[in-house]
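Working notes for the structure below.
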Amino acid sequence: MTTATLVTGGTAASREAAIHSLLDSSATAVILEGLPDGHPLLDTSAFPSLQLSRIAPGCLCCTGNLVMRVTLNRLLRTRPERLYIGVASDEHLPALRTFLQSAPYDRLLTLTDDVELT
């Protein structure tokens, strides 16, 4: 099972910085909503075991559901130990958590407490 953590709030840069501070040597996948401001902290050359996917801004449980599902499925095929999902707004966080706890993801993911930035 992959341990998944939702990181929400703040700016795209602050979510990326928060995830950066949580990285270790384990096989990790990251899905980030929003594009970097030109100075990304997460770089696969600096973290060889990192799989990084960026999704254009938009609600991941509404408008981005198909994009989110495809991206998530691709990443989970590689069986990462950790998964961080950075989302801009906590407005639909319950819907995103429900999506991640429904089949088939309920057998693939263990959700942790969210990391909420202010």
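The values are calculated or read from the model by the stated rules, or taken from the named source; none is laboratory data. In this text the structure is predicted, and so the values were computed from the model without any measurement. Methodologically, a virtual Cβ is constructed for each residue, glycine included, from the backbone with ideal geometry; neighbour enumeration extends over all protein chains shown.
Out of the stretch 76-118, which residues are assigned to a helix (DSSP H, G or I) and in contact with a strand residue (DSSP E or B) (Cβ under 8 Å, 6 or more places away or on another chain)?
Quick first cut of the stretch 76-118, residues assigned to a helix (DSSP H, G or I) only: 76, 93-100, 105-107.
If the condition is that a residue be assigned to a helix (DSSP H, G or I) and in contact with a strand residue (DSSP E or B) (Cβ under 8 Å, 6 or more places away or on another chain), then Leu76, Leu93, Leu96, Arg97, Leu100 are the ones that fit.
Select from the stretch 60-75 the residues that are more than 14 Å from Thr98 (Cβ to Cβ) and surrounded by fewer than 15 Cβ atoms within 10 Å (Cβ to Cβ) and write down the one among them that is modelled with the lowest pLDDT. For the stretch 60-75, the residue satisfying everything is Thr63.
When the stretch 73-113 is filtered for residues that are aliphatic (A, V, I, L, M) and over 16 Å from Leu50 (Cβ atoms), the ones remaining, listed by number, are Val87, Ala88, Leu93, Ala95, Leu96, Leu100, Ala103, Leu108, Leu109, Leu111. Per the conditions (1) in a helix (DSSP H, G or I); (2) out of contact with any strand residue (DSSP E or B) (no Cβ under 6 Å at 6 or more places or on another chain); (3) at pLDDT below 85, the sole criterion not satisfied by Ser45 is (1). Looking only at residues in the stretch 1-35 that are part of a loop (DSSP other than H, G, I, E, B) and surrounded by 14 or more Cβ atoms within 10 Å (Cβ to Cβ), the one that is modelled with the lowest pLDDT is Gly34. For Ser53, the requirement of being in a strand (DSSP E or B) and surrounded by fewer than 20 Cβ atoms within 10 Å (Cβ to Cβ) is met. The set of residues in the stretch 1-41 that are charged (D, E, K, R) and either farther than 20 Å from Thr110 by Cβ or in contact (Cβ under 8 Å) with a residue 60 or more places away in the chain (or both) comprises Arg15, Glu16, Glu33, Asp37.
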